[in-house]
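Down below is the structure, laid out as structure tokens.
The values are calculated or read from the model by the stated rules, or taken from the named source; none is laboratory data. Computed from a predicted structure; not experimentally measured. Counting neighbours? That spans all protein chains shown, and the Cβs are built from the backbone with ideal geometry, glycine included. Keep in mind that these areas ignore ligands, DNA and RNA; they rest on the heavy atoms of the full protein, side chains included. Shrake-Rupley method; radii C 1.70, N 1.55, O 1.52, S 1.80 Å.
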Protein chains: 2
Amino acid sequence: MTSVNPILENPIETAVEARLAMRRREWHLGTTHQFPGWLQTNLVVLPESDARDFLLFCQRNPKPCPIIEVTDPGDPEPRISAPGADLRSDLARYAVYRDGQFVEEVEDITHLWRDDLMAFLIGSSLTFDDSLIRAGIPRSEVWVLNSTIPCIPAGKFAGPMVVTMRWMTPQQAITAVQVTSRFSFAHGVPVHIGDPDLIGADIKNPRYGPPVSEIPKGVLPVFWACGVTPQSVALASNSKFMITHVPGHAFITDLRPERLSYR
Amino acid sequence: MTSVNPILENPIETAVEARLAMRRREWHLGTTHQFPGWLQTNLVVLPESDARDFLLFCQRNPKPCPIIEVTDPGDPEPRISAPGADLRSDLARYAVYRDGQFVEEVEDITHLWRDDLMAFLIGSSLTFDDSLIRAGIPRSEVWVLNSTIPCIPAGKFAGPMVVTMRWMTPQQAITAVQVTSRFSFAHGVPVHIGDPDLIGADIKNPRYGPPVSEIPKGVLPVFWACGVTPQSVALASNSKFMITHVPGHAFITDLRPERLSYR
């Protein structure tokens, strides 16, 4: 399958092409439902002084924070999941935070890079959207919601889980559990099915997506742990400096989900 | 199933009972083929100054180093996998190393504990021995061998993978791959099947187990990543201070492998 950007003359077929299009600032769109067949990851960049506790937080909360790779201090190249890539330029959009506050959105972070920064690549559920479709589950709107599901804290990193919500039929929900059980490296199986109130998810006030007043009859909401959780937790911890991808604008690795399912 | 220690009057049925028997120094034996149904882990205790790089090493090498839990600095209680347990007393035997050299073997490390120590619990293949037997694969001698399979380094932690070898028929090897694919938290599927030379495993000089001059006809050696790898790597890195379990004398957690297979 290929991804077509109306700006580009030729369709993008490989992860390398996708990253280079972003590096050359030819690809400004999100990555949702794009680049099927390649593992997509969220990005969190933190100073190395925060690394140990953030690593511990991810280790203790593998559902929202499945770590794919962590780079050495100062190294912008993800040598395992995308050798040759440059995490300072190979995503379409970055969000910069200082002292726990959003500062700006940029298309390149080369000028902000420092010797003490480490990049955390965290599996994204955008990776399994294609597999859900191929299993006969139609595209759903994807909401991002706060929940009250607690994460296990580590050092200063603490806070509740952020979740994604997709709508489907009960039969499709059963299939979705089967499909995503092969994606433990990208949030894996759902954390909840059904009543949003049971996990404190306020569908009237989503973080992302249209507000919902009522769940339609016949629709079963299915909730997955979301990769926005570590960003949210790092922000709440007042990290002095953090760079992330802009939600929906993931990093495209060279890894094949089908291969990762059978490690 | 129960585990009977000739010293104890009553059989041990739960992980808590197993840990308390070790704490009271009533259980001095190894844990191989004991306490089926509970996740067993290897133990590595290191100063917090080594923690970030050791965590990175484990993250980059999940086959030999599947992390189950990491305790906070100074905290000897594994609050997630065995709440109430004390890692300073609840294993049968510990090995103490200083400046990269083995110093002594002890039954309790309370007197050695410090505020800056962190405990890493790493899934042990002893956990799946019971499942192999229930799948019709007879008990095999378990050899521990050095190999030339490289690990991905992290900071000062680097070195080749240590592997375990079990003997079985080709049909049993196929079943063993199926069985252990459900144990990604305890080394998972084999890293190699067949010719030991291909992974540089010297069966004439095993680290543990009887030397082998020749593989008998009809026997297929099957190799798994071994939890001795992180110990071996930490030693080679000249860690100033390290405590580990004595091989074959694992920590017994409250976790159920059947549950962990479906996370």
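So, B:THR110, is that one hydroxyl-bearing (Ser, Thr, Tyr) and touching a strand residue (DSSP E or B) at 6+ places or on another chain (Cβ under 8 Å) or not?
Working: hydroxyl-bearing (Ser, Thr, Tyr): yes; touching a strand residue (DSSP E or B) at 6+ places or on another chain (Cβ under 8 Å): no.
For B:THR110, the condition - hydroxyl-bearing (Ser, Thr, Tyr) and touching a strand residue (DSSP E or B) at 6+ places or on another chain (Cβ under 8 Å) - is not met.
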Across the range B:162-177, what is the total count of residues that are β-branched (Val, Ile, Thr), in contact with a Leu (Cβ under 9 Å, 6 or more places away or on another chain) and farther than 21 Å from B:ASP202 by Cβ? 2
Across (1) under 20 Å from B:GLY30 (Cα atoms); (2) modelled with pLDDT under 95, B:ASP86 clears everything bar (2)
Of all residues making up the range B:42-67, the number that are under 19 Å from B:PRO78 (Cα atoms) and in contact with a Gly (Cβ under 6 Å, 6 or more places away or on another chain): 2
Residue list for the range A:85-111, restricted to those being over 21 Å from A:ASN238 (Cβ atoms) and surrounded by 12 or more Cβ atoms within 10 Å (Cβ to Cβ): A:ALA85, A:ASP86, A:LEU87, A:ARG88, A:SER89, A:ASP90, A:LEU91, A:ALA92, A:ARG93, A:VAL106, A:GLU107, A:ASP108
Of all residues being under 27 Å from A:VAL233 (Cβ atoms) and open to solvent by 20 Å² or more (accessible area, probe 1.4 Å) in the range A:125-143, which is nearest to the other protein chains (Cβ to nearest Cβ)? Just the residue, please. A:LEU126
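Tell me, please, whether a residue that is within 14 Å of chain B (Cβ to nearest Cβ), open to solvent by 50 Å² or more (accessible area, probe 1.4 Å) and on the phi > 0 side of the Ramachandran plot can be found in the range A:151-159. Step through it out loud before you land on a result.
Here is the first cut: in the range A:151-159, the ones within 14 Å of chain B (Cβ to nearest Cβ) are A:151-158.
The next check asks that each one be open to solvent by 50 Å² or more (accessible area, probe 1.4 Å); those that pass are A:152-153, A:155-156.
With the extra rule that they be on the phi > 0 side of the Ramachandran plot, the set shrinks to A:155.
There is at least one residue in the range A:151-159 that is within 14 Å of chain B (Cβ to nearest Cβ), open to solvent by 50 Å² or more (accessible area, probe 1.4 Å) and on the phi > 0 side of the Ramachandran plot.
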Can you pull out every residue in the range B:241-263 that is touching a Lys or Arg at 6+ places or on another chain (Cβ under 7 Å) and within 14 Å of another protein chain (Cβ to nearest Cβ)? B:SER261
Give the range B:181-199 a look and list any residue that's closer than 20 Å to B:ARG60 by Cβ and away from chain A (no Cβ under 14 Å), or say none. B:HIS192, B:ILE199
Mind checking which residues of the range A:191-211 are free of Cβ contacts under 8 Å to residues at least 40 places away in the same chain and open to solvent by less than 20 Å² (accessible area, probe 1.4 Å)? A:GLY194
Going residue by residue through the range A:165-180, is there one that turns out to be within 18 Å of the chain's Cα centre (by Cα) and within 14 Å of chain B (Cβ to nearest Cβ)? yes
